[in-house]
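What follows draws every value from the coordinates through simple rules; no lab data is involved. All values derive from a computational prediction rather than experimental measurement. Cβ atoms come from the backbone with ideal geometry, glycine included; neighbour counts cover every protein chain shown.
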Amino acid sequence: MPDIRIAGVGMTRFGKRPEPLQALMAEAARAALADAGGERPDAIVVAAMNPEEFVGEGNFASQISTYIGCARTPALRAETATSSGAAAVFSAYTAIAASVYQSVLVVAGEKMTHLSTPKVSELIGRSIDPSERSYGATMPALAALVTRAFTAKHGVSLKEISLVTVKNHGNGARNPFAHFQEEISLEQVMESRMVADPLRLYHCCPISDGAAACLLTAGRGPVRIMGIGQGADYVAIRYRDELTSFRATQAAAEAAYRMAGIGPHQIEVAEVHDAFAPFELITLEDLGIYSPGKAARALVQGETQLDGSLPVNPSGGLKARGHPLGASGVAQVVELYWQLTGRAEGRQVEARVGLAHSIGGLATSNWVTLVERVE
Amino acid sequence: MTVETIPASRCVCGRVCVPPVPFCPDCGREMTLAAFPGHGQILSFTTLHSPPEGFSSPLHLALVELQGGAHLFCHGSETRGLRLGTRVAVESIDAVYYFSHLGVADRARLFWRRAGASREKVSAILRSAVKRLRHPRGTEP
């Protein structure tokens with residue numbers, strides 16, 4: 001297995017930000033390079049789900065490389081919808097593994113809050129199958145179909161699902177980089193506005209601006225990438241046999257575990273894609289950490305809290321840290337780096353091995369990345 | 001006797017797709033045209049309270065499994081009394097599928113809720129009623 005490591009990380013605070021996207025991505029990129037000791041990368045991989053539509057910018061990798069001061073460094077953009085950040089990490093990993101480069105800067109970001117919510121929904125919704133979209137299906141609509149099937153199959157209650165939100169807001173309240181830094185009560189979640197029955201507003205992640213970055217190198221840095229895998233599934237959810245689990249997560253996890261030579265029970269901290277609260281439970285089951293239908297009970301028993309046996313989303317997750325689409329997959333890796341190296345002040349957990357999980361589209365292109373602290 | 005025939009495509013590997021597509025999403029072979037009777041059961045459903053532009057709120061959506069195995073998206077007039085596994089009839093008006101587990105008045109309301117001019121709404125209601133008159137037994141799933 002190639003020895004590919006993370007030498008430095010950086011991110012902006014997520015939330016409603018006045019700066020242009022280029023400036024946010026430069027803030028994150030320059031922080032990551034400084035964190036790695038001020039080095040210049042051999043190449044750059046940029047991730048943004050849709051800068052053409054969200055901010056009206058094209059040729060985006062070249063724009064970013066110029067803006068951050070690496071104009072003549074080779075740069076490309078990776079895109080797999082809402083998991084684009086994880087795709088960029090993969091792209092950088094493979095380039096170093098193939099000995100094409102010795103170091104690659106990954107920088108990911110999105111800017112969305114300047115647009116109206118219906119416009120943002122429409123842009124995100126374009127990652128849905130065109131036939132399903134013609135029926136008015138949005139991401140919350142598809143997530144609601146999944147949620148109703150999941151709760152019915154496993155007898156999971158909406159109260160249990162709402163506890164995911166409560167936990168992740170509690171973690172976000174301890175994270176200075178989070179979009180939402182305040183706790184939220186179970187009643188607030190259960191009484192929030194209905195979006196797509198049975199999903200309410202506080203079951204859904206917010207619209208956020210932000211950027212995150214990390215520097216991958218051949219063999220230098222305190223955190224090693226043990227394994228990384230992608231899983232795929234039909235863009236049309238009507239083609240799927242199963243609504244209550246995501247095949248793309250299962251396949252990504254299998255590939256990542258195989259590459260790393262470890263199993264789900266060696267994971268000590270996880271950052272997972274809770275764009276909708278029930279997805280955290282479905283994901284923990286798809287990752288093999290809990291058996292089908294059992295993640296809700298583990299949540300209620302406190303196993304996935306900061307002081308539990310497997311802290312999940314110590315950053316606050318997409319729900320509280322925020323979800324600037326392309327940035328989320330890299331922000332998860334940034335959080336794991338901070339957790340594994342003891343720099344997650346206020347929310348620090350005890351862990352040596354971490355897992356990041358990112359969902360693209362409605363689970364059509366998912367990624368699992370495994371990292372460990374090098375002793 | 002069926003109220004509606006739903007066009008689909010079928011692959012030798014067993015995959016069926018609604019609406020029909022040229023290539024099998026599983027194995028890449030060319031698919032052949034097929035058709036399914038318009039009844040099945042609810043796999044899941046939701047009500048959108050802030051649907052996208054061009055749809056009136058609330059928007060009732062269901063994923064339906066037809067007898068024969070194909071899944072399709074449908075609009076509905078309401079979800080009261082609906083459960084996973086509820087048997088429904090599916091019909092097509094203007095190339096849009098609608099599920100229905102309730103009576104005639106409910107169906108009229110369904111088409112009245114559609115975006116568009118009043119004349120088109122009335123036309124959809126009448127066409128739906130005529131289909132029922134022609135195939136009265138087919139309406140029972």
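Of note:
- Selected from A:Gly56, A:Gly210, A:Gly361 as most flexible by GNM, with chain A as the system and alpha-carbon contacts under 10 Å: A:Gly56
- Inter-chain neighbour count for B:38-50: the average number of beta-carbon atoms from partner chains within 10 Å of each residue's beta-carbon is 6.
- Taking the convex hull of Cα positions in the protein assembly as shown, its mean projected area over all directions (nm²): 23.8 nm²
- Taking other C-beta atoms within 10 Å as the exposure proxy, A:Arg240, B:Arg83, A:Arg17 rank B:Arg83, A:Arg240, A:Arg17 from fewest upward.
- Taking the protein assembly as shown as the region of interest, the number of lysine pairs whose Cα atoms are within less than 18 Å, with members eight or more places apart or on different chains, is 12.
- Exposure proxy order (Cβ contacts within 10 Å, fewest to most) of B:Cys74, A:Cys70: A:Cys70, B:Cys74
- Segment A:94-250: relative contact order as a whole-number percent, Cα under 8 Å and 6+ apart: 33 percent
- Gained length - A:Ala98 relative to A:Glu122, 0.36 nm times residue gap less alpha-carbon distance: 4.8 nm
- Residues whose amide H comes within less than 5 Å of that of A:Met49, counting only those at least five positions distant or on another chain, are A:Gly326 (H built at 1.01 Å from N in the peptide plane).
- Between helix A:21-35 and chain A: long-axis angle, C-alpha atoms, 0 to 90°, nearest 10: 60 degrees
- Under 5 Å, built H, 5+ apart or other chain: amide partners of A:Ile184: A:Gly170
- Using the Karplus relation 6.51 cos²θ - 1.76 cosθ + 1.60 with θ = phi - 60°, the per-residue 3J(HN,Hα) values for segment B:76-90 come to x, 8, 6, 10, 4, x, 8, 9, 5, x, 4, 7, 9, 8, 10 Hz, with x marking Gly and Pro.
- When the charge dipole of the protein assembly as shown is built from unit charges on Cβ atoms (+1 for Lys and Arg, -1 for Asp and Glu) and taken about the Cα centre, the candidate among B:Gly38, A:Gly155, A:Leu115 whose Cα reaches farthest toward its positive end is B:Gly38.
- Filtered GluC sites (Glu not before Pro), segment A:263-363: DSSP coil and at most 16 other beta carbons within 10 Å: A:Glu345, A:Glu350
- In summary, the convex hull built on the alpha carbon positions of segment A:222-274 has an orientation-averaged projected area of 4.8 nm².
- Pairwise FRET efficiency - B:Ser123 versus B:Phe23, Cβ, R0 = 45 Å, nearest 0.05: 0.80
- For chain A, relative contact order (Cα pairs under 8 Å, six or more residues apart, normalised by length) works out to 26 percent.
- This ranking places A:Arg40, A:Arg174 by how few other beta-carbon atoms lie within 10 Å of each, fewest first, which gives A:Arg40, A:Arg174.
- Inter-centroid distance (Cα atoms) of segment A:95-132 relative to segment A:325-375, Å: 17 Å
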